[in-house]
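The values are calculated or read from the model by the stated rules, or taken from the named source; none is laboratory data. Computed from a predicted model, the values in this text were never measured in an experiment. Backbone-built Cβ (ideal geometry, glycine too); neighbour counts: all protein chains shown.
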There are 4 protein chains.
Amino acid sequence: MNSPAPDPRIEASFAQQSMMRSLQARLIEAGGGRCVIRAPILPAFCQQQGFGHGGITFALGDTAAGYAALSLLPAEREVLTAELKINYLAPATGDEFEAIGEVVRAGRRLMVVRAEVFALAGESRRSIALLLGTWCPVEPA
Amino acid sequence: MNSPAPDPRIEASFAQQSMMRSLQARLIEAGGGRCVIRAPILPAFCQQQGFGHGGITFALGDTAAGYAALSLLPAEREVLTAELKINYLAPATGDEFEAIGEVVRAGRRLMVVRAEVFALAGESRRSIALLLGTWCPVEPA
Amino acid sequence: MNSPAPDPRIEASFAQQSMMRSLQARLIEAGGGRCVIRAPILPAFCQQQGFGHGGITFALGDTAAGYAALSLLPAEREVLTAELKINYLAPATGDEFEAIGEVVRAGRRLMVVRAEVFALAGESRRSIALLLGTWCPVEPA
Amino acid sequence: MNSPAPDPRIEASFAQQSMMRSLQARLIEAGGGRCVIRAPILPAFCQQQGFGHGGITFALGDTAAGYAALSLLPAEREVLTAELKINYLAPATGDEFEAIGEVVRAGRRLMVVRAEVFALAGESRRSIALLLGTWCPVEPA
C-alpha cells in the first residue's frame, strides 16, 4: 500500500533543503501532523567506527518532526526548532534510515513533537533513536 | 596564541570520521576534558531558508562533546553518546561554526558533557546553540 | 477491571520513599517494564497561579519511569536516574495525577524510559506532560 | 557580603507558591536574569535510599530558572515552563539545596535558561545537577 502523497508545500520546502539533497533523503509522507523521511546510510556520513553518524540520525529526526509540525499550520507559516533531545537506542547500521515525526500537541505558541528513527536492513527494521522536542510557529522572515 | 596541539589519539579518531571530512571540519584542540572543532557553514548543508542546518550544529556540538569526554579516558577506551539535548539560540549564519565541548562530570559509568556552538562571521562570534548530554565509556568493539 | 498487583519488591521500595508518602501517592501497577502511580493534586504543592507545581508532575513521572525500569531487573539491583527531560503540555488542574512509565530499551548499562503524566478531573483524563530519560542499573550501595 | 534584595514582584510570586512553603524554600536573590533559592534537604521528601528526591532537586532548579526569566520581563508578564532537562551529577545529601538559575537568551517568544543545583553540607558545596530549559513569556490568565 502506498503512503498518501505529501503536502505539496512541504514537498517544496523539503526540495529547498540542500542538507536533504546532500543526504539523498526522500520525503515519503507529510500531512495531518505526521511526516516520514527515508535516506540511505551513506559511507560519507559515518562516525569513527563506521556506523552512521549520530548527527545524521538527529538531522533526519529533526526534519521529520519539523515537517510534521508544519503540516498542521496554515500555508503562510514557518516553524523553528526551539529545542530537541535525542536518546540513542542502537547504532545506525544497515541500508536506510527511516525517520517518523508525529505532533503530540499543537499549541498556538508552541508545538511538541516526537520522532523515532529506524535503521532498515533488508527485511529488518530496528528503532535506533527517540526524539522529543519543541517547535515555534512563526511568520516567514 | 595557539591552542595546544590535540591529543594524537583523538586526531586519529577524528580523521576516521567520514562525516567530519564531508563537513570539512578541523580539530582545533582536544585534551583535558575539552575539545574545539571548527567547520565552514557550507551551502550543501542548509535548511529551507538557507541557514546552516540545525542537524550540522548538533553534529558538531555532539562531536566536540564526545571528544572532550574521550580525552579524559585511558587510551584503549571508546565513548558512546547516550543522549543529547540541544537548545537553539540563533540561526547558523556566517562563515564558520565553532563547537566547544567541556566535561562537567567524569564518572566511571557516565560522563556528563556540555557544549556550545558559535557562528563566526568576520570578527563577530555569536552563540547559536547550547547542548547538554550523557556519554558512556565503553571497551572498543 | 483491576490492574495486576504491583511487584512486591517495588511496593517495598515505594513505601520507603518519604516523598511518595508526602504526596499521598499510590502505586497502582508495577511489572514487566511498566509502572502506574496516582496522587491527588494537593493544595500544598502548587505554583503561584494555583496549578499543581511542575516539580510534582516531574517527580511522579520520574518515579513511575524509575520503577518501570526496576521492574525488569533482578531482585538485588537498584536504578539511578541519569537524566530526564519533561515537555509540559497543559497545566495540572483537577483531582489527581496519573503517571505512567514504560521502558523503551533495557540495555545492560543504560535503560531508556518514557513516561506520560495525566490530570484526572471527574470523568476526564488529559495528558499534561511527556518525559524521556535514562536510567542506570547499579548494585545497591 | 549580602546578595542584593530580590525583586519585590518575584518575592510576592514566590510567597504565593504553596510548593515553596512546603519545601521551606527561601528566595535569596532575584534580578537581572539570575535567581538563587535555598531549601533544607528535608526527611519528608526523600527517595527510597534516604537521599533528597530528584523531583525536589528538579523543582528547585525549575523555580530558580523560572524566576531568573521572570526577572527580565515587564511587571505585567508571567512565564510558563515549556520544557526542562536535568542531568544528575551526585546524590542530594547534606543540609541544604542551593539552586541558581541564569538566563542564557531572552527572546520575545522564548527564553532559554540554565540552572545548577548544589548540595551544601557544613562548609562544602557540591554540584548535584545541571538543568537546561525553555520558558515562554505570557500574559497573565
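Structure above, values below:
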| quantity | calculated |
| --- | --- |
| Scan of the stretch D:60-78 for residues that are within 11 Å of chain C (Cβ to nearest Cβ) and touching a helix residue (DSSP H, G or I) at 6+ places or on another chain (Cβ under 8 Å), ordered by number | D:L60, D:D62, D:T63, D:Y67, D:L70, D:E78 |
| Residues located in the stretch A:101-117, provided they are surrounded by fewer than 21 Cβ atoms within 10 Å (Cβ to Cβ) and not charged (D, E, K, R) | A:V103, A:V104, A:A106, A:G107 |
| Condition check for B:G101: closer than 27 Å to D:W135 by Cα and touching a helix residue (DSSP H, G or I) at 6+ places or on another chain (Cβ under 9 Å) | yes |
| The listed residue being over 15 Å from the mean Cα position of the chain (by Cα), under 26 Å from B:T81 (Cα atoms) and of a type outside the set (D, E, K, R), out of A:T93, A:T81 | A:T93 |
| Test: A:L84 is within 11 Å of chain B (Cβ to nearest Cβ), surrounded by fewer than 22 Cβ atoms within 10 Å (Cβ to Cβ) and either touching a strand residue (DSSP E or B) at 6+ places or on another chain (Cβ under 8 Å) or modelled with pLDDT of 95 or more (or both) | no |
| The stretch A:87-141: number of residues that are among the hydrophobic types (A, V, I, L, M, F, W, C), under 16 Å from A:L60 (Cα atoms) and assigned to a loop (DSSP other than H, G, I, E, B) | 2 |
| Sole residue being of a type in the set (A, V, I, L, M, F, W, C) and touching a Gly at 6+ places or on another chain (Cβ under 8 Å), chosen from D:A75, D:A115, D:A44, D:A39 | D:A115 |
| Condition met for B:R125 (in contact with a Ser or Thr (Cβ under 9 Å, 6 or more places away or on another chain) and of a type in the set (K, R)) | no |
| Test set (1) farther than 21 Å from A:I56 by Cβ; (2) free of Cβ contacts under 8 Å to residues at least 40 places away in the same chain; (3) buried (at least 19 other Cβ atoms within 10 Å of the Cβ) - B:S71 fails condition number | (2) |
| Criterion: touching a Pro at 6+ places or on another chain (Cβ under 7 Å) and over 24 Å from D:W135 (Cα atoms) - qualifying residue of C:L80, C:L73, C:L110 | C:L73 |
| Hits in the stretch B:127-140 (condition: within 14 Å of chain A (Cβ to nearest Cβ) and either free of Cβ contacts under 8 Å to residues at least 40 places away in the same chain or surrounded by 15 or more Cβ atoms within 10 Å (Cβ to Cβ) (or both)) | B:I128, B:A129, B:L130, B:L131, B:L132, B:G133, B:T134, B:W135, B:C136 |
| Residues of the stretch A:12-48 satisfying the condition of being surrounded by fewer than 21 Cβ atoms within 10 Å (Cβ to Cβ), in a loop (DSSP other than H, G, I, E, B) and without any contact (Cβ under 8 Å) to a residue 12 or more places away in the chain | none |
| Filter pass, D:T57 being facing another protein chain (nearest Cβ under 7 Å) and either assigned to a strand (DSSP E or B) or under 29 Å from B:M111 (Cβ atoms) (or both) | no |
| Output for the stretch C:24-42, where each listed residue is over 12 Å from the mean Cα position of the chain (by Cα) and within 14 Å of another protein chain (Cβ to nearest Cβ) | C:Q24, C:P40, C:I41, C:L42 |
| Pair list, Cβ under 9 Å, 6 or more apart: the stretch B:99-126 residue at positive phi, other residue surrounded by fewer than 23 Cβ atoms within 10 Å (Cβ to Cβ) | B:G122/B:G94; B:G122/B:D95 |
| Number of positions in the stretch B:1-10 that are in contact (Cβ under 8 Å) with a residue 12 or more places away in the chain and more than 13 Å from the chain's Cα centre (by Cα) | 5 |
| Test: residue in the stretch A:68-81 that is at negative phi, basic (K, R) and not in a strand (DSSP E or B) | yes |
| Single residue of the stretch A:99-126 satisfying the filter (within 12 Å of chain C (Cβ to nearest Cβ) and of a type in the set (D, E)) that is nearest to A:G54 (Cα to Cα) | A:E116 |
